[in-house]
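What follows is a short report on a single structure.
The values are calculated or read from the model by the stated rules, or taken from the named source; none is laboratory data. Note that the structure is predicted; figures quoted are calculated from it, not measured. Neighbour counts run over all protein chains shown; Cβ positions are idealised from the backbone, glycine included. We work out accessible area using only protein heavy atoms, side chains counted, and drop any ligands, DNA or RNA first. Shrake-Rupley method; radii C 1.70, N 1.55, O 1.52, S 1.80 Å.
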Amino acid sequence: MGNYDKVTPLAPEGIEERHAYLLGGGIGALAAAAFLIRDAHMPAKNIHVLESLDRTGGSMDGAGDAEHGYTARGGREIEEHFECFADLFASVPSLTDPSRSVLDEFRELNLIEPIESRCRIVHDQGAVGDFSSLGLSTAQAMQLGRLHLATEEALGATSIEEFFTPDFFRTNFWYFWASMFAFQTWHSVVEMKRYMERFMHLIGGMNQLKGILHTEYNQYDSLILPLVTWLRDQGVQVQLGAVVTDIDFTDDATTATAVHYLMDGAEELIEVGADDLVLFTNGSMTQNTTRGDLDTPAELNRSQDKGCFSVWERIAPKSPRFGHPEVFCGDIDRTKWLSFTVTLKDDDVLFPYLAELTNNVPGMGGLTTITDSAWFMSWVSPKDPHFIDQPENVKVLWAYGLNMDAPGNYVPKTLSECTGREMFTELLFHMGLKDRVEEILAHTVNVIPAMMPYITSQFMPRVAGDRPAVIPEGSRNFAFLGQYAEVPGDCVFTVEYSVRTAMTAVYGLLDLERPVVEVFPSRYDVRVLTQAAKVCLGVDKLPLKDLTLAALTARSELAAYL
């Protein structure tokens, strides 16, 4: 979408009388509410958000205090070509200065404090690794090339480990890739292809995380809080503790007719008019999260009550157009991982040590990955403070591991079995602080692990039709939102993906005269393709400038005309 298309659509006929029911209170639903107000001119009081938890924001969370410890399950990576994200937050006023937008302040922060890692990988208990290149052989680079050329239809449900040779998983490229995006070898190679093509313009800076953007605070305080504050100020009805259980449809499943939910244990029913909207977030990466603490592990929740996934399982048989939830939420042991948030008070050991080890300023170094960790651990020193109310003498560190069921290198237990204290001890060992563990723990307020059974479920191998279209074919008033709806060409596990589904649903169901912003097309830019090839092949330059046009077009149809 260019500037020519950035118009204010005319209000749809009868919009003043129509209602929208947003089932789930994550970023997809909140973005949909904003687009309904801004672009569809729906009265805010007619927009109803039903959220089962005690706050909105879904997977973009952050909570706690300095006395009991802070917790954030993880932040989604953001880059400057998240076009729908930028379109949304350009309209949301800042909490500190209402004359400026959230996007204004976000951009300014990243111009002043850009991420550029000076310590991307470590090994051997605090030794900085060589992260100067992707470490790919020519043959391995060609494997990436073949993936780029393959079609999604041909790849089907192929996994990453089925596509690449085993040596590929011992390269810097894989260490960078897996730790940045949380890919496992058994995940979908189609999703890897989408990531590679979607972020091709960033491959040249992947070894230092150049181009990745960060927020002033955690993503709840920096993004969700101003958005939901603005929505409430407009008059959007946000109902917390509302547990959606089912959705009724007409016999042909083209029109939602009712929403069933529980409120304080009592069954409630919303009768939906044919001109009203029902927008359903049909899955959550952080569904059924459990938390532990310094001395308590976070137990894995294997309950058959899967929240929004269970609702999706109930409605899927009502139409073949509603997708296949079992593909994504049917194998917890392949979709789980765990993160933990460390809160320290009056620390004079850890953060000074990390500053010297990494040469990074907190917030500007991004992720540091431990390549010889049996748990495949990474840590982040976020911008300080990481929470709005965080006192000056309190610091926060965030870490996670991808290998859940292997014994640690120092702590002889699996990550899944460990208390927060044990996880932090293993991390300190790999940082090179084995001899100062007890000293650092003495200043540790809490370590809060968060076990997430479905955190990478959106990456599971799948084929066309497993994820439903945002607006199922023939649908009159119903759409899917979030990571488990299909958006061709875009990447799950991103804020952009959820916001794009919201824009697609609102603009499409209401037939607004404004196109959805297109996915940034870097994979079609020959300059980007050339730079990506140079980086993957590990060459300083390709001699394109020295080749004649005839040489470049040899053996092509154009050659006959030159």
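So here's what we get for this one:
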{"read-out": "Option label - semi-axes √(5λ) of the Cα gyration tensor in Å computed here, alternatives (1) 41, 33, 19; (2) 36, 32, 23; (3) 61, 25, 20", "value": "(2)"}
{"read-out": "Centre separation in Å (Cα based) which lies between the stretch 1-59 and the stretch 127-143", "value": "45"}
{"read-out": "Residues whose placed amide H lies under 5 Å from that of ILE121, excluding near-sequence neighbours", "value": "GLY129, THR369"}
{"read-out": "Cα gyration tensor category, rounded, prolate or oblate, for the stretch 29-151 with a/c compared to 1.5", "value": "prolate"}
{"read-out": "Ordering of 135-143, 4-12 by burial proxy (mean other Cβ atoms within 10 Å per residue, highest first)", "value": "135-143, 4-12"}
{"read-out": "Protection-proxy order for peptides 119-128, 378-387, each taking the mean of Cβ atoms within 10 Å per residue, highest first", "value": "378-387, 119-128"}
{"read-out": "Heavy-atom surface of the stretch 272-355, accessible at 1.4 Å and reported per residue (Å²)", "value": "39"}
{"read-out": "Helical contribution to [θ] at 222 nm, DSSP H n ≥ 4, -39,500 (n - 2.57), averaged over the chain, rounded to 500", "value": "-7500 deg cm²/dmol"}
{"read-out": "Euclidean distance of C-alpha centroids, the stretch 60-123 and the stretch 347-392, integer Å", "value": "16"}
{"read-out": "Whether the stretch 218-350 is rounded, prolate or oblate, judged on the alpha carbon gyration tensor where a/c under 1.5 counts as rounded", "value": "oblate"}
{"read-out": "Mean accessible surface per residue for the stretch 79-237, computed with a 1.4 Å probe while every protein chain stays in place, in Å²", "value": "40"}
{"read-out": "Calculated diffusion of the stretch 1-48, Stokes-Einstein form, Kirkwood radius summed over Cα pairs, 37 °C and 0.692 mPa s, µm²/s", "value": "283"}
{"read-out": "Above-threshold pairs, the threshold being 23 Å between Cα atoms, out of LYS336/LYS383; LYS413/LYS434; LYS193/LYS318", "value": "LYS336/LYS383; LYS193/LYS318"}
{"read-out": "Pairwise Cα inverse-distance average, inverted: Kirkwood Rh of the stretch 14-79 (Å)", "value": "13.7"}
{"read-out": "Tensor-based shape of the stretch 120-191 (alpha-carbon gyration tensor, a/c under 1.5 rounded, otherwise prolate or oblate)", "value": "prolate"}
{"read-out": "ASP372/ASP305 FRET efficiency (R0 41 Å; Cβ-Cβ; nearest 0.05)", "value": "0.60"}
{"read-out": "Inter-label distance for VAL361 and GLN125, nm, one decimal - labels placed 7 Å from Cα along Cα-to-Cβ", "value": "3.3"}
{"read-out": "Solvent-accessible area per residue, Å², over the stretch 493-532 with all protein chains present [probe radius 1.4 Å]", "value": "41"}
{"read-out": "Model label zone, HIS260; criterion: amide N under 16 Å from point 7 Å along Cα-to-beta-carbon; scope the stretch 301-340", "value": "305-319"}
{"read-out": "Backbone HN-Hα couplings from phi across the stretch 329-336 [Karplus 6.51/-1.76/1.60, Hz, Gly and Pro as x]", "value": "10, x, 8, 4, 5, 10, 10, 8"}
{"read-out": "With every protein chain in place, the chain: carbon and sulfur % of accessible area (1.4 Å)", "value": "51"}
